[in-house]
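The values are calculated or read from the model by the stated rules, or taken from the named source; none is laboratory data. Remember, predicted model here, so these are calculated numbers, not experimental data. Here the Cβ positions follow ideal geometry from the backbone for every residue, glycine too, while neighbour counts run over all protein chains shown. Note: accessible area is taken over every heavy atom of the protein model, side chains too, but ligands, DNA and RNA are not part of it. Shrake-Rupley method; radii C 1.70, N 1.55, O 1.52, S 1.80 Å.
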Amino acid sequence: MDTLAKRHSARSLWALLLCLMLLLGAMPVSHADFASAYPQVRELFPAADHFGEPEGSPPASAVHANNALIGYAFLTGDMVRIPAYSGSPVNILAGIDTQGRIAGARIVHHEEPILGAGIREDQLLKFVDQYRGKPGRIVVGTQRDGYASVDAIAGATISIMVINATITRAVGMVAESRGIRLSEPGAPAPPATPAPAVKAEPAIEQRTVHPAPTAPTLQLASATSAPAGLPAPASGLTPFASEPEEPIWLALWQTRKGEIAVLVAGLVLLTFILLFQDYLARRPVLLHRIRTGFLVYTLFFIGWFSLGQLSIINVLTFVRAVTHDFSWDIFLIDPTLFILWSFVAVTLLLWGRGVYCGWLCPFGALQELAFQLARRFRLPFFEIPHVVHERLLTLKFVILLVLFGLSLQSIGMAIRAAEIEPFKTAITLRFQREWGYVTFALGILLLSIFNRKFYCKYICPLGASLVIPGRFHSFEWLRRRKECGRPCQACAVECEVQAIRPTGEIVINECHHCLDCQITYYNNHKCPPLAEKRRRRERGSRVYTPPGGTAGISDASRLHDIPVLARDGAADDSDDADPPCWGCRGGR
């Protein structure tokens with residue numbers, strides 16, 4: 001009996017606690033809770049002395065000063081949830097005054113990679129401070145009729161565009177539901193109390209900063225009624241009955257038409273280079289100049305100007321989007337990245353990984369140009385023994401698997417681990433970063449001077465991810481001969497990327513499509529099978545001419561075009577042959 005009584009008492013106690021929790025959860029949040037949970041709201045309304053509880057649809061907290069309504073404060077996460085670069089929305093504390101202007105904004109929660117790792121907190125704070133006093137229609141980085149503008153943050157295009165769309169849409173929804181007419185761009189701002197000096201805030205977390213206060217959603221007394229002291233909205237106006245929103249990405253594409261045109265022209269040129277590679281390979285000087293020029297274009301225009309450096313984070317984000325709520329709108333925000341990824345997807349199926357890694361990767365171009373410059377100064381370089389090289393190739397796949405596993409648990413963890421990519425430091429932020437990241441990027445670059453594209457061969461997780469679809473490429477564009485590898489080793493020795501096995505096969509998954517082997521393939525002085533044919537042809541074209549006669553010459557013009565080696569009369573026929581090429585002798 002005692003045991004049953006104890007059990008009954010325990011159950012009663014748990015039931016009582018559960019009821020108390022439900023009652024506490026149903027209680028409305030007091031007006032002090034919103035300001036205490038989000039102290040940043042006092043910076044948005046420095047003159048406020050009273051913050052009401054979040055209410056209405058969409059929920060917003062009424063802000064008063066001297067018993068007069070001066071605006072509303074709200075969390076964008078309660079009404080607008082636009083997936084950002086990480087696949088998760090950014091939650092922003094924002095405010096609107098009764099004159100239809102934005103009182104300010106503060107980011108309280110995000111999982112964006114570039115905002116967490118590449119952008120300093122003071123830069124982010126400076127960006128959102130631009131919204132203070134702005135009307136509700138805002139664009140980023142350019143001027144448009146009927147819109148105000150704010151300056152962007154370099155290297156964070158997608159995140160910033162999503163933040164801007166989140167703020168403007170939420171402001172529009174709150175203003176419409178409260179009967180506030182948004183201020184027009186260029187209209188004089190009403191006198192306002194200046195904001196206090198920005199003090200050090202708690203660091204913006206990539207996980208959770210403060211839990212949003214839970215408050216019951218209260219319906220407005222009338223869909224067309226307005227709070228006291230404000231003009232009534234137009235007849236028939238209801239919450240969320242705003243005009244259709246323009247896609248986030250459309251404005252950015254329109255303002256970057258010139259940049260898009262230059263990028264597309266470069267990709268068309270690269271397509272012609274690939275299609276006519278045999279013609280260019282027969283003209284090595286021309287091909288070398290074209291390739292060097294294109295690498296410069298890739299580094300300076302695609303990389304440092306357009307910030308078109310692809311990353312393993314793009315791959316992980318795409319996979320996450322496919323498995324969650326997929327939307328093309330987010331990937332269309334950055335036209336450079338979208339066009340590049342579209343082109344890479346096609347080339348992966350036609351040529352394999354090498355087109356991007358060898359021609360379109362800005363950091364790869366930086367490594368290649370550094371390697372070429374080092375050769376000009378005759379600096380020494382080394383190659384890793386083939387046996388060790390084959391095992392090191394697996395390292396980048398291990399790194400890819402680790403990053404993928406982390407992304408399944410948390411995209412934030414994967415983003416931090418993806419700092420193994422020096423792309424953000426060297427290309428996106430142009431080495432303008434903390435010294436630790438810069439030292440790492442410069443160390444990788446220095447290593448690539450002495451071993452051609454060391455990072456690309458052994459470490460790059462993006463390259464590893466491109467190998468997977470690249471295995472399904474449709475055509476074999478690189479020509480080989482039956483003598484390649486057995487016995488000829490000329491191309492294998494000349495390939496500093498070590499993408500040609502000693503047996504002669506080109507490992508397409510590791511090839512960077514530099515076309516050096518194709519130059520050798522068509523060169524009848526470097527390719528041993530062609531060199532042998534050339535020597536036979538030259539020996540067969542030599543005709544003995546008797547003293548004082550020309551009877552043996554059948555075609556003077558043809559003989560004039562054939563190079564004839566000077567020979568000593570005492571030498572035998574073996575002296576007429578060219579010495580073996582460096583490739584066949586196992587050297588350079």
Scanning region 420-440 residue by residue, the ones that are touching a Phe, Trp or Tyr at 6+ places or on another chain (Cβ under 7 Å) and assigned to a helix (DSSP H, G or I) total 5
Just checking, does region 70-90 include any residue being over 30 Å from Asp325 (Cβ atoms), open to solvent by less than 30 Å² (accessible area, probe 1.4 Å), modelled with pLDDT of 90 or more and more than 40 Å from the chain's Cα centre (by Cα)? no
Test Glu476 against the stated conditions and say whether it is farther than 27 Å from Pro362 by Cβ and surrounded by fewer than 18 Cβ atoms within 10 Å (Cβ to Cβ). yes
Looking at this structure, is Phe450 touching a residue at least 60 places away in the same chain (Cβ under 8 Å), more than 20 Å from Val296 (Cβ to Cβ) and not hydroxyl-bearing (Ser, Thr, Tyr)? yes
Please name all residue pairs, on different chains or six or more residues apart, with Cβ atoms under 6 Å, provided the first residue is in region 147-168 and is part of a strand (DSSP E or B) and the second residue is open to solvent by 30 Å² or more (accessible area, probe 1.4 Å) and modelled with pLDDT under 85. Ala148/Pro185; Ser149/Gln143
Select from region 385-437 the residues that are buried (at least 22 other Cβ atoms within 10 Å of the Cβ) and among the small types (Gly, Ala, Ser) and list them in ascending order. Ser407, Ala414, Ala418, Ala426
Please work out which one of (1) without any contact (Cβ under 8 Å) to a residue 40 or more places away in the chain; (2) loosely packed, with under 13 Cβ neighbours inside 10 Å is the condition Asp325 fails and give its number. (1)
Residue pairs qualifying under the 7 Å Cβ cut-off, at least six apart or on distinct chains, with the first in region 54-69 being at positive phi and the second being at pLDDT 90 or above, are Gly56/Ser177
So Thr545 fits all but one of (1) assigned to a loop (DSSP other than H, G, I, E, B); (2) at pLDDT 85 or above; what number is the exception? (2)
Within region 145-197, tally of residues that are at pLDDT below 80, hydroxyl-bearing (Ser, Thr, Tyr) and surrounded by fewer than 18 Cβ atoms within 10 Å (Cβ to Cβ): 1
Residue among Gly352, Gly364, Gly308 that is crowded, with 17+ Cβ neighbours inside 10 Å and touching a Ser or Thr at 6+ places or on another chain (Cβ under 7 Å): Gly308
Would you confirm whether or not region 20-31 contains a residue that is modelled with pLDDT under 85, surrounded by 14 or more Cβ atoms within 10 Å (Cβ to Cβ) and part of a helix (DSSP H, G or I)? yes
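Yes/no per residue for (1) hydroxyl-bearing (Ser, Thr, Tyr); (2) open to solvent by less than 10 Å² (accessible area, probe 1.4 Å); (3) within 23 Å of the chain's Cα centre (by Cα):
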| residue | (1), (2), (3) |
| --- | --- |
| Phe331 | no, no, yes |
| Ile339 | no, no, yes |
| Val344 | no, yes, yes |
| Leu348 | no, no, yes |
| Gln372 | no, no, no |
| Phe377 | no, no, no |
Mind listing whichever residues of region 251-296 are in a helix (DSSP H, G or I) and within 18 Å of the chain's Cα centre (by Cα)? Leu252, Trp253, Glu259, Ile260, Leu263, Val264, Leu267
Top-ranked residue of region 438-463 - restricted to ones that are more than 21 Å from the chain's Cα centre (by Cα) and hydroxyl-bearing (Ser, Thr, Tyr), ranked as least open to solvent (accessible area, probe 1.4 Å): Ser448
Pull up region 505-523, narrow it to residues that are part of a loop (DSSP other than H, G, I, E, B) and free of Cβ contacts under 8 Å to residues at least 60 places away in the same chain, then point me to the one that is least open to solvent (accessible area, probe 1.4 Å). Val507
Pick out the one residue from Gly179, Gly104 that is in a loop (DSSP other than H, G, I, E, B), touching a residue at least 12 places away in the same chain (Cβ under 8 Å) and on the phi > 0 side of the Ramachandran plot. Gly179
Determine, yes or no, whether Arg283 is more than 17 Å from Ser465 (Cβ to Cβ), without any contact (Cβ under 8 Å) to a residue 60 or more places away in the chain and not small (Gly, Ala, Ser). yes
